[in-house]
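Below: one structure, written as structure tokens.
The values are calculated or read from the model by the stated rules, or taken from the named source; none is laboratory data. Nothing here was measured: the structure is a model prediction, and the numbers come from that model. When we count neighbours, we look across all protein chains shown, and the Cβ atoms used for this are built from the backbone with ideal geometry, even at glycine. Please note that ligands, DNA and RNA were not included when accessible areas were found on the heavy atoms of the full protein model with its side chains. Shrake-Rupley method; radii C 1.70, N 1.55, O 1.52, S 1.80 Å.
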Amino acid sequence: SGRPRRPAAVRALRRPGIAYDDIPATLAAGAVEPGDPGYRSVRSTYLRGGNPGLVLRPRTPAEVSDAIGFARRHTDLPLGIRSGGHGVSGRSTNDGGIVIDLSAMNRIEVIDPARRLVRIGPGATWKQVAAALDAYGWAIGSGDYGGVGVGGLATAGGIGFLSREHGLTIDHLIAVEMVLADGSLVRATATENPDLFWGVRGAGANFGVVTAFELQAHEVAEVGSAQLMLVVPDLEEALLRFGEIATSAPRDTTVFLVTGPPQPGGSVIQLYGLVDSSDPETIIERLNPFAGLGSLVQQQVVLARYTDVMNQAPDVGSDGHHGHGEPHSHSGLIAALTPEFARDAAAMLRTGGVQFFQLRTMGGAIAEIDRGETAFPHREAAFQVTGLGGNRRALDAAWDGLRNHLDGLYLSFETDTDPGRLADAFGDRALDRLREIKRRYDPQNLFRDNFNIAPHFNSNNDPAEEA
Ligand SMILES: Cc1cc2nc3c(=O)[nH]c(=O)nc-3n(C[C@H](O)[C@H](O)[C@H](O)COP(=O)(O)OP(=O)(O)OC[C@H]3O[C@@H](n4cnc5c(N)ncnc54)[C@H](O)[C@@H]3O)c2cc1C
């Protein structure tokens, strides 16, 4: 393939089953294997440690197609698709398999200023997107963390600071271009390959590698950016009141809550979010009810540009991500923050099994999109609930106390790979349709590193061994 021959010491670290000598010529120069000097910077992701046998780094859709062709010859090995490397459900690294790393495909380009249409490569991060759009006075809502990649988030949902006002990130999508399992390049829009376009908006990881996203931005001027830390004597009461305040706030205001196990003397809760207003009085008025939830121990409220909000995430250095081990995280959606939920959530936190507990406020524009319009069906949810824990068993046991309140989940914050979670994520109707699309576009199940919708199921509702 024209690859420089590796010294014996490097070759000794190669993993079995990979045809290193047959790496396509177009990918040879950028390919990284375990003994290479650059391996350290590409092996792991933000949350996971990894030991892939080969990392391919395409720069164009044609090279992505070459990489997929190579992966098709190695279907017995794990395959990870990596954009920004912040996957939680998405296993964008692995042990002994192949990773297709799209970080070089990070171009951000305004394609229609009048309609505010922007074309973005999967490898861009949301802080790069925010910085590029700042000059136009525009923004595309993503999440709460600018380090996250475009590829993983824009194929799953995108619940963030502007979602109540403008919808999920997938609701901004006008078109995607992708490379399918057979290596072909396709474009999907509402009228061109509409089934694929529907499925990509919520379950995109299953159907191919998106090489470009076209999204419509919104005009966003200066915003109020808020971080409040409070101590509350009674967590149950505070959660309940937070639920009332966060859901009754105008759509310009989105506040998320993070807490952990209670401390002696009370619980520490962090509230952080955004008020889409440039008027200091409006910002204070919107935030006052939140500040009243407990004793304020720390606060920062500033008038900022959206790019400054996204920029709070530090840059990933040239030596890459350094995640290690495996994260354990569960997601659930709730239609309303009821007194029973607040009680059971507080009890769950007292067990210590959940170290990081988060409530993301939804509603507003998210709920205005029809349930069947995208593969993210849970339009009526009021909150997305996340629980993270260091010990999987303790986390699962604690989370069981919440299950009867949950109605669906958001796949991006769920690490459970039980096929039963698929119905929670998509609902039975959408799941049937997704499976049909999967059979059409990826019958061999090449793309399976993230909430895998297996093309064929046996009678136990487990992925069939062999089609
Ligand atoms: C610190 C942190 C904060 C977060 N905040 C938010 C938030 O506010 N809102 C929210 O909605 N989510 C949030 N998430 C979840 C995040 O959206 C997902 O983890 C997402 O998958 C990360 O995208 P990535 O490109 O960085 O990840 P990667 O690890 O690169 O990819 C994750 C998975 O996405 C799929 N994928 C990646 N690129 C492509 C592509 N080009 N085509 C097809 N499939 C692809 C693959 O299956 C891959 O395994 C957060 C995650 C973290 C770690």
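A few notes on this one:
- Given (1) open to solvent by 10 Å² or more (accessible area, probe 1.4 Å); (2) within 12 Å of the ligand (Cβ to nearest atom), number of the condition residue 184 does not satisfy: (2)
- Residues in region 87-115 that are open to solvent by 30 Å² or more (accessible area, probe 1.4 Å) and within 20 Å of the chain's Cα centre (by Cα): 91, 103, 104, 106, 107, 108.
- Checked against the criterion of being over 14 Å from residue 374 (Cα atoms), modelled with pLDDT of 95 or more, crowded, with 20+ Cβ neighbours inside 10 Å and not hydroxyl-bearing (Ser, Thr, Tyr), the candidates 204, 208 yield just one match: 208.
- Residue match in region 145-164 (condition: more than 8 Å from the ligand (Cβ to nearest atom), open to solvent by less than 20 Å² (accessible area, probe 1.4 Å) and of a type in the set (Ser, Thr, Tyr)): yes
- Only one of the listed residues (289, 264) is modelled with pLDDT under 95 and open to solvent by 10 Å² or more (accessible area, probe 1.4 Å). That residue is 264.
- Unique match (being surrounded by fewer than 20 Cβ atoms within 10 Å (Cβ to Cβ), β-branched (Val, Ile, Thr) and either farther than 28 Å from residue 154 by Cβ or not assigned by TED's automatic domain parsing to the domain that holds residue 204 (or both)) among 417, 361: 417
- Criterion violated by residue 76 - all others in (1) closer than 19 Å to residue 50 by Cβ; (2) open to solvent by 40 Å² or more (accessible area, probe 1.4 Å); (3) within 16 Å of the ligand (Cβ to nearest atom) satisfied: (3)
- Considering (1) in contact (Cβ under 8 Å) with a residue 24 or more places away in the chain; (2) open to solvent by 40 Å² or more (accessible area, probe 1.4 Å); (3) closer than 30 Å to residue 74 by Cα; (4) not β-branched (Val, Ile, Thr), the lone condition that residue 439 does not fulfil carries the number (1).
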